[in-house]
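Just dropping this structure here.
The values are calculated or read from the model by the stated rules, or taken from the named source; none is laboratory data. Everything numeric in this text was worked out from a predicted model, so none of it was measured. Heads up, the Cβs are rebuilt from the backbone with ideal geometry, glycines too, and the neighbour counts pull from every protein chain shown. For accessibility, only protein heavy atoms count, side chains too; no ligands or nucleic acids. Shrake-Rupley method; radii C 1.70, N 1.55, O 1.52, S 1.80 Å.
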Amino acid sequence: MMANSMIFKAEGNQLIAERVFDAPRELVFKMFTEAEHLKNWWGPRGWDLTVCNIDFRPGGSWHFCMKCVDENQGDFYGYESWGKALYREIVDGEKIVYVDYFSDSEGNLSEEMPAAEITLTFIDLGGKTKIVNQVEYPSAEELQKGLDMGMEQGFTETWDRLVEYLQDIQ
């Protein structure tokens, strides 16, 4: 059972995604801070996090690789997608701000897709947690590229997997 559906709002160069999770704020926040948790839910369905190196602190980074392990995804099967996050601000239990970009296996910025600034806000709803994920691109055109790549579906499937993982560990 999914806690609820995602809410998406795209305006100008920003995308805001919101969802309520049936778990306490401290636990939901922790899911974003530790490799052993991220490996269990990060990425759309059919993709595994095969590399997850995280240094969770302002000035630190998270370098990761998602690999398609679902043969039913056709040409994507076996494909690797590398990414890197550079943490700018962390307010324990409340907020994570980072720059997110596609990278190579060495962590070098990909020139094909623009970096985006992500602000994750964790709102305590008395035993439940609302996450507001604000994604800001350099331009509306760059946001559109992300949307055209299936960003909404990717967000939804990733956060569905987080709901399922939270149910398993609580």
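Pick from the stretch 34-89 the residues that are touching a residue at least 40 places away in the same chain (Cβ under 8 Å) and more than 18 Å from residue 102 (Cβ to Cβ): which of them is nearest to the chain's Cα centre (by Cα)?
Ranking the candidates gives 41 first.
Taking the residues in the stretch 129-155 that are in a strand (DSSP E or B) and open to solvent by less than 50 Å² (accessible area, probe 1.4 Å) as candidates, determine which candidate is farthest from residue 43 (Cα to Cα).
Narrowing the stretch 129-155 to residues in a strand (DSSP E or B): 129-136.
Okay, now just the ones that are also open to solvent by less than 50 Å² (accessible area, probe 1.4 Å), so 129, 131-133, 135.
Values: 129: 20, 131: 17, 132: 18, 133: 15, 135: 16 Å.
The extreme case among them is 129.
Continuing with this model, one more query. What number of residues in the stretch 23-43 are open to solvent by 30 Å² or more (accessible area, probe 1.4 Å) and modelled with pLDDT under 95?
Residues flagged as open to solvent by 30 Å² or more (accessible area, probe 1.4 Å) and modelled with pLDDT under 95 within the stretch 23-43 amount to 0.
Considering every residue within the stretch 114-121, establish whether at least one is open to solvent by less than 40 Å² (accessible area, probe 1.4 Å), out of contact with any His (no Cβ under 7 Å at 6 or more places or on another chain) and over 21 Å from residue 7 (Cα atoms).
Yes: one or more hits.
Go through the stretch 56-77 and report how many residues are touching a strand residue (DSSP E or B) at 6+ places or on another chain (Cβ under 6 Å) and among the charged types (D, E, K, R). Break it down stepwise before answering.
Residues of the stretch 56-77 that are touching a strand residue (DSSP E or B) at 6+ places or on another chain (Cβ under 6 Å), as a first pass: 58, 60-69, 76-77.
Filter once more, so that each one left must be among the charged types (D, E, K, R): 67.
Number of matching residues: 1.
Now, a different point. Of the residues 158, 121, which is assigned to a helix (DSSP H, G or I), among the hydroxyl-bearing types (Ser, Thr, Tyr) and closer than 23 Å to residue 40 by Cβ?
Details: 121 fails: assigned to a helix (DSSP H, G or I).
Answer to the selection: 158.
In the stretch 142-167, what residues are touching a Lys or Arg at 6+ places or on another chain (Cβ under 7 Å) and under 17 Å from residue 76 (Cα atoms)?
Result: 157, single match.
So if I check each of 126, 93, 107, which one is assigned to a loop (DSSP other than H, G, I, E, B), modelled with pLDDT of 95 or more and closer than 20 Å to residue 32 by Cβ?
Details: 126 fails: closer than 20 Å to residue 32 by Cβ; 107 fails: modelled with pLDDT of 95 or more.
Step by step, each of 126, 93, 107 is checked, and only 93 is assigned to a loop (DSSP other than H, G, I, E, B), modelled with pLDDT of 95 or more and closer than 20 Å to residue 32 by Cβ.
To continue, here is another question. Restricting the search to the stretch 62-81, which residues are of a type outside the set (D, E, K, R) and either in contact with an Asp or Glu (Cβ under 6 Å, 6 or more places away or on another chain) or assigned to a helix (DSSP H, G or I) (or both)? So that I can check it myself, show each step before the final result.
Step one: of the stretch 62-81, the residues of a type outside the set (D, E, K, R) are 62-66, 68-69, 72-74, 76-79, 81.
Matches in the stretch 62-81: 65, 69, 72, 73, 74, 76, 77.
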